[in-house]
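Q: Following this message is one structure expressed as structure tokens.
The values are calculated or read from the model by the stated rules, or taken from the named source; none is laboratory data. Please read all numbers here as calculations on a predicted model, not as lab measurements. Cβ sites come from the backbone with ideal geometry, for glycine too, and all protein chains shown count toward neighbours. Accessible surface is based on the protein model in full, side chains and every heavy atom, while ligands, DNA and RNA are left aside. Shrake-Rupley method; radii C 1.70, N 1.55, O 1.52, S 1.80 Å.
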Amino acid sequence: LSISKRLSETPPGIIYAKNKVDELIMEERIWIARYEYEANRNVKTAKRYLMDCLASDGNKYNAFVNLSVISFAEDKDPIASLRYLSNAKKHSQGDYTWLYNKAFILMYLEKYENGVKDYKRLAGLSFPGEDQTTDQCIEFNHSLLKAEPDKIQSLFILGFLYYKKKINHPMAMDKLETFIDLAKNKPKYKYLNEVASSYLSEIKKEMKIKE
């Protein structure tokens, strides 16, 4: 009797199954990382899971996005955060969370014209799950204003998000008016003031409020 010869190659079905298992393992690492960071505030463990994920597959979009958040919020390194977002962009497949984060960081770094350019781009985009992303960004900017009240560009961001994404004109008007009031006579906010004033005029026109 003779056993069959050794298979010369792995059957396609086995390869597919292995790839799916590997993908599920990496997604699990990302979810564990998020849990460790958001629920336990365990930054070191969260970063380890995310880096392990990228070591196995350097194309994992969500790993890059989560690392960008940790780099900014915990490591206080917005430049590293932008580098992670540059990688995320390459693997985004129609998700624009990376662009929300990039636009925010540019505004934080006072690169206002570039930041507004990205926000204006977001105004014409939509993607699955965007509403949750917008809500998270609104919450984050409110928190940042409490922690760093001098970062009044977050008021502009909130005004933009309420106006263009949440379609909440009263809230948008409130944030933009507050920003304009605080930013007046401050040269570095000249460009943002102009854009904010333009948005405010649009909102008042849509609400039929006489200026």
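Q: Among (1) farther than 21 Å from LYS89 by Cα; (2) touching a residue at least 40 places away in the same chain (Cβ under 8 Å); (3) under 15 Å from the mean Cα position of the chain (by Cα), there is one condition LEU144 misses while meeting the rest; what is its number?
A: Status for LEU144: all satisfied but (2).
Q: Here is a further query. Answer yes if at least one residue in region 81-101 is out of contact with any Lys or Arg (no Cβ under 7 Å at 6 or more places or on another chain), closer than 19 Å to TYR191 by Cα and of a type in the set (A, V, I, L, M, F, W, C), and no otherwise.
A: Scanning region 81-101, I find no residue that is out of contact with any Lys or Arg (no Cβ under 7 Å at 6 or more places or on another chain), closer than 19 Å to TYR191 by Cα and of a type in the set (A, V, I, L, M, F, W, C), so the answer is no.
Q: Restricting region 126-139 to residues that are closer than 13 Å to PHE104 by Cα and in contact (Cβ under 8 Å) with a residue 24 or more places away in the chain, which is surrounded by the fewest Cβ atoms within 10 Å (Cβ to Cβ)?
A: The qualifying residue surrounded by the fewest Cβ atoms within 10 Å (Cβ to Cβ) is THR134.
Q: The conditions are (1) buried (at least 17 other Cβ atoms within 10 Å of the Cβ); (2) in a helix (DSSP H, G or I), and ASP95 fails exactly one of them. Which is it?
A: With respect to (1) buried (at least 17 other Cβ atoms within 10 Å of the Cβ); (2) in a helix (DSSP H, G or I), ASP95 is out only on (2).
Q: Quick one: which residue in ASN168, ASN114 is under 18 Å from VAL195 (Cβ atoms), more than 12 Å from the chain's Cα centre (by Cα), among the polar types (S, T, N, Q) and surrounded by fewer than 20 Cβ atoms within 10 Å (Cβ to Cβ)?
A: Of the residues listed, the single one that is under 18 Å from VAL195 (Cβ atoms), more than 12 Å from the chain's Cα centre (by Cα), among the polar types (S, T, N, Q) and surrounded by fewer than 20 Cβ atoms within 10 Å (Cβ to Cβ) is ASN114.
Q: Just to be sure, is LYS151 surrounded by 15 or more Cβ atoms within 10 Å (Cβ to Cβ) and not in a helix (DSSP H, G or I)?
A: yes
Q: ALA88: open to solvent by less than 60 Å² (accessible area, probe 1.4 Å), part of a helix (DSSP H, G or I), farther than 26 Å from LYS111 by Cα and in contact with a helix residue (DSSP H, G or I) (Cβ under 9 Å, 6 or more places away or on another chain), yes or no?
A: No, not satisfied.
Q: Which one is modelled with the highest pLDDT, of the residues in region 32-67 that are aromatic (Phe, Trp, Tyr) and within 18 Å of THR133 (Cα to Cα)?
A: Looking at the filtered set, the residue picked out is PHE64.
Q: Taking the condition surrounded by fewer than 14 Cβ atoms within 10 Å (Cβ to Cβ), within 13 Å of the chain's Cα centre (by Cα) and of a type outside the set (Asp, Glu), does SER71 pass?
A: no
Q: Suppose we filter region 171-211 for residues that are part of a helix (DSSP H, G or I), touching a His at 6+ places or on another chain (Cβ under 8 Å) and open to solvent by 30 Å² or more (accessible area, probe 1.4 Å); how many remain?
A: 1
Q: Kindly indicate which of ASP174, ASP181, ASP135 is out of contact with any Ser or Thr (no Cβ under 9 Å at 6 or more places or on another chain), at pLDDT 95 or above and within 25 Å of GLU38 (Cβ to Cβ).
A: Exactly one residue qualifies, and that residue is ASP135.
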